[in-house]
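Visitor: Take this structure first; my questions come after.
The values are calculated or read from the model by the stated rules, or taken from the named source; none is laboratory data. Keep in mind the model is a prediction, meaning the values are calculated, not measured. All Cβ positions, even for glycine, are placed from backbone atoms using ideal geometry, and neighbour counts span all protein chains on display. For accessibility, only protein heavy atoms count, side chains too; no ligands or nucleic acids. Shrake-Rupley method; radii C 1.70, N 1.55, O 1.52, S 1.80 Å.
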Amino acid sequence: MYVGLDEPVRECQYNQICTRNSLPMETLGHKKKKNPRRKWQVFPGRNRFYCNGRVMMARQTGVFYLTLVLIMVTSGLFFAFDCPFLASNLTPAIPVIGGVLFLFVLGMLFRASFSDPGVLPRATPDEAADLERQIDAANGPSGPGYRPPPRTREVVINGQTVKLKYCFTCKIFRPPRASHCSLCDNCVERFDHHCPWVGNCVGKRNYRFFYLFILSLSFLTVFIFAFVITHVILRSNRAGFLSALKDSPASVLEVLVCFFSVWSIVGLSGFHTYLISSNQTTNEDIKGSWSNKRAKDNYNPYSYGNILTNCCAALCGPLPPSLIDRRGFIQSDTPQPVSHSNGSSMYASTQLHTHMAAATPLLHSNPVMIGGGGPPFPGKSSLVVPCASLVPSQPSLPSMPGLSCTGDMLTLRDPDTHCHHHHFASPEETPSPSGPMPLTLPCAAHMTHGGHIYPAQLYDPASQDSLHEDSVRGLVKLSSV
């Protein structure tokens, strides 16, 4: 009731159908190495990344481009129409100072816009589940009508009690001074505010660059405004006011832009100077976190008590590293091949067990024997797969529970293993012998021609259709025996 050894090619093709469901190990490993993915490609927040993850910005960047255009156009008009006259009539230091301020403003803008503001990584599923268990254990058993208390924790910082709030999006308790940005959908460490003018959040890692940007922009705006007025006055003294405007029409546009923007820019710089001197954030100042109105003994635990020390801590302290590692590679969940001393590689025992399970079709109904080389093993039905001939150049098979090698056959004692990817798995298409018999596949030593083994036949995806046809003919022949 089983096929003999007179058809080695047919047995090889059947083996190929069994193992074709999973890609060869070499091809899979080559693809993993060829196309690695970085963490910024699967970042959960609403951010945009450029230059292979080196540049990180918010998704709404339209106002940032408006800021960039206003700075470049106004400065360009100043250097093109005002600086030549001022350099020849006053001093050549004017265009030099203006150029230094312009470059510094652009540098601080790009640094604040393209940097990670201090995004906190979200909890992994295991960390979130462990935190949920801790919260449930702390809250005690729940009954009918039970309402869980607010998810907060308290820590003491310099004698002041600070509450840590739980973020339901990131699944973490936020550190002190951290907050969740609704626009970027991230928890940001020492969150100050989300600034659309720079196209990014302002937090612990880019606050100093934001402050230096608005401070230098205030100086540049006042500088351009003052010297454009000086240019117009000098020309008016020579040829009249109208002639001065005709000779330098761009000066009118520069005066208007600088006049309407200088108040907001200078005011913003002054406000953040106050915040730095008291070591506060915009978020804390707006909420009044350290106001005496909340409690008489309420005070800012982060202040050093000295304006100079607070400014040095905010502007001159060490820059913390990014916590999200956006340019790092994603660790694959698939077990990697284990290299051996003889140069060959094989998967771990769990991966081998998976491939063995995928290589056993026709197990949804009664098992059928298609191998040869000896009578079937009596007793309980078992899965029998080929036991490779172990020559000195081949590594030994890893030990697996329920896997034994008896003679020329490798027996996997798991009758419930199924191959869900085979096309011929229904009871109607599977021949059903009268009694339970083991499924045996030919040993590798029987699949040789002239003493040579042809492993390429086992992993040839080009002959997929013909293999299905051969398997159908083989099943028909088996059913007629």
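Visitor: Which ones in segment 240-257 are outside any helix (DSSP H, G or I) and surrounded by fewer than 16 Cβ atoms within 10 Å (Cβ to Cβ)?
Guide: Gly240, Pro249
Visitor: Another one. Among the candidates Phe225, Phe213, Phe219, which residue alone is open to solvent by less than 40 Å² (accessible area, probe 1.4 Å) and either touching a Phe, Trp or Tyr at 6+ places or on another chain (Cβ under 9 Å) or under 12 Å from Leu101 (Cα atoms) (or both)?
Guide: Phe213
Visitor: Restricting to segment 149-168, name every residue that is assigned to a loop (DSSP other than H, G, I, E, B) and either modelled with pLDDT of 95 or more or over 22 Å from the mean Cα position of the chain (by Cα) (or both). Full working, then the answer.
Guide: Start the filter on segment 149-168 by keeping residues that are assigned to a loop (DSSP other than H, G, I, E, B), which leaves 149-151, 158-159, 168.
Pro149, Pro150, Arg151, Asn158, Gly159 - these are the residues of segment 149-168 that are assigned to a loop (DSSP other than H, G, I, E, B) and either modelled with pLDDT of 95 or more or over 22 Å from the mean Cα position of the chain (by Cα) (or both).
Visitor: Among the residues of segment 279-298, how many are in a helix (DSSP H, G or I) and open to solvent by less than 30 Å² (accessible area, probe 1.4 Å)?
Guide: Total meeting the criteria: 2.
Visitor: Then there is this: Return the residues of segment 85-109 that are without any contact (Cβ under 8 Å) to a residue 24 or more places away in the chain and surrounded by 13 or more Cβ atoms within 10 Å (Cβ to Cβ); say none if nothing qualifies.
Guide: Selection gives Ala87, Pro95, Gly99, Gly107.
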